[in-house]
Amino acid sequence: METIAVVGAGFSGAVIARQLAEHGYRVKVVDARPHLAGNCHTERDDKTGVMVHRYGPHIFHTDNEKVWDYLNQFTEFMPFTNRVKTTSGGKVFSLPVNLLTINQFFGKTFSPTEAREFIETQADLSIENPQTFEEQALRFVGKDLYEAFFKGYTEKQWGCSPTQLPASILKRLPVRFNYDDNYFFHKYQGMPKEGYTAIVEKILDHPAISVSLNTQFKRSDTGNYDHVFYSGPVDAYFDHQYGRLGYRTLDFEEIRADGDYQGCAVMNYGDATVPYTRITEHRYFSPWEEHTKTICFAEYSRECGPDDIPYYPIRLTEEQAMLSQYVELAREEPGVSFVGRLGTYRYLDMDVTIAEAMEAADRFLSLQRDEAKIPAFFVEPI
């Protein structure tokens, strides 16, 4: 029986490990942290009983029915709609920008058609092909909404001017000309009743899978296995030979209170003068539960250092050039496939992470049957 190493016990590693185990492989899962589920890790707060998303909130949403059905084997999803609020200029507004936001902000009572026509007058139509985040915002919502809701928040989140960020980042944020304040627009949305860590535990609950936490995997360990799926940082695997790829990390300031602290799950802070990007109140992520006390976290974004947990890949020009060097090294590394957010240095939502892991496992099994070469990447990182 061949032995496979899976480095990382997040969704990428867990899904791949399970599929290979079900097809007769013996799988060793290792993770440097003391817990499962990576940045999706959830745990009960011992003082409030609230299910806490330890590395920031994760709200599941997808249009991928295959992924939805897969996860529902391992958990019961409870209804949850992410309704984000934002504080800007001393007032509270609804996000994403919708008809209520527009009417509140401009003191109007527009109909959908009137609002659309009005925003067209605000937009900078001279920008025909937006290249940067700022150009994208100015082209589609205009200067006032951009500066109120996006500019300061983005500067805090990414640590640079929106003129340095690609337009594609803002394309994730819709503008709606109705009163729909559901932050996401996917068919399937919800929260796992017992949290995300419980899902990963069940996925890894297979007799052919063994798990070692608090375990560092080194490049020299690769030869001990028939193949390695590596979901850690691609630059770390090569001991940062060409330098460190850029990430943003988060610091969390804990806030505890009796009752209800802010009245919603997520409150963004768009003003640049407020040092944190948002406050999340985690009791709201489990609305089917009742708690007399609450726990919240103010999030501060900053550059990721060597000892920090990487969250968001920066992927600006300097990082893209360095990534190309690591990709070439990876292609020459025998017996290793790089997967997931860190292994491919890409921002991935949970559903995409799971879909790619399922596809990677399927392709591996198919290539093994054909005695064909296993690629370094199942999804191209560049």
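Laid out as a table, the results:
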read-out	value
Listing of helices (runs of 4 or more DSSP H) fully contained in region 121-239 that carry 2 or more residues being over 30 Å from K28 (Cβ atoms) and in contact (Cβ under 8 Å) with a residue 40 or more places away in the chain	152-158
Within region 315-337, tally of residues that are buried (at least 21 other Cβ atoms within 10 Å of the Cβ) and either under 29 Å from T154 (Cβ atoms) or modelled with pLDDT under 95 (or both)	3
Matching residues, region 28-43, being crowded, with 22+ Cβ neighbours inside 10 Å and either touching a His at 6+ places or on another chain (Cβ under 8 Å) or polar (S, T, N, Q) (or both)	C40, T42
Those strands (runs of 3 or more DSSP E) lying entirely in region 53-98 with at least 2 residues on the phi > 0 side of the Ramachandran plot	none
Every pair of residues 6+ apart whose Cβ atoms lie under 7 Å, when the first sits in region 244-264 and is within 19 Å of V274 (Cα to Cα) while the second is of a type in the set (V, I, T) and surrounded by fewer than 15 Cβ atoms within 10 Å (Cβ to Cβ)	T249/I309
Residue in region 11-49 that is nearest to K293 (Cα to Cα), counting only those that are assigned to a loop (DSSP other than H, G, I, E, B) and of a type in the set (D, E, K, R)	K47
Extreme residue, farthest from T317 (Cα to Cα), among residues of region 358-382 that are outside any loop (DSSP other than H, G, I, E, B) and free of Cβ contacts under 8 Å to residues at least 24 places away in the same chain	R369
Residue, farthest from L348 (Cα to Cα), within region 216-266, restricted to residues that are acidic (D, E) and not assigned by TED's automatic domain parsing to the domain that holds E319	D258
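To keep it simple, each residue is scored yes or no on (1) surrounded by 19 or more Cβ atoms within 10 Å (Cβ to Cβ); (2) within 24 Å of P313 (Cβ to Cβ).
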{"residue": "R83", "(1), (2)": "no, no"}
{"residue": "S88", "(1), (2)": "yes, no"}
{"residue": "L99", "(1), (2)": "yes, no"}
{"residue": "G107", "(1), (2)": "no, no"}
{"residue": "S111", "(1), (2)": "no, no"}
{"residue": "I119", "(1), (2)": "yes, no"}
{"residue": "I127", "(1), (2)": "no, no"}
{"residue": "Q131", "(1), (2)": "no, yes"}
{"residue": "E155", "(1), (2)": "no, yes"}
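The values are calculated or read from the model by the stated rules, or taken from the named source; none is laboratory data. What you see is a predicted model; the values in this text were computed from it and never measured. A quick note on method: Cβ atoms are made from the backbone with ideal geometry, for glycine too, and the neighbour counts reach across all protein chains shown.
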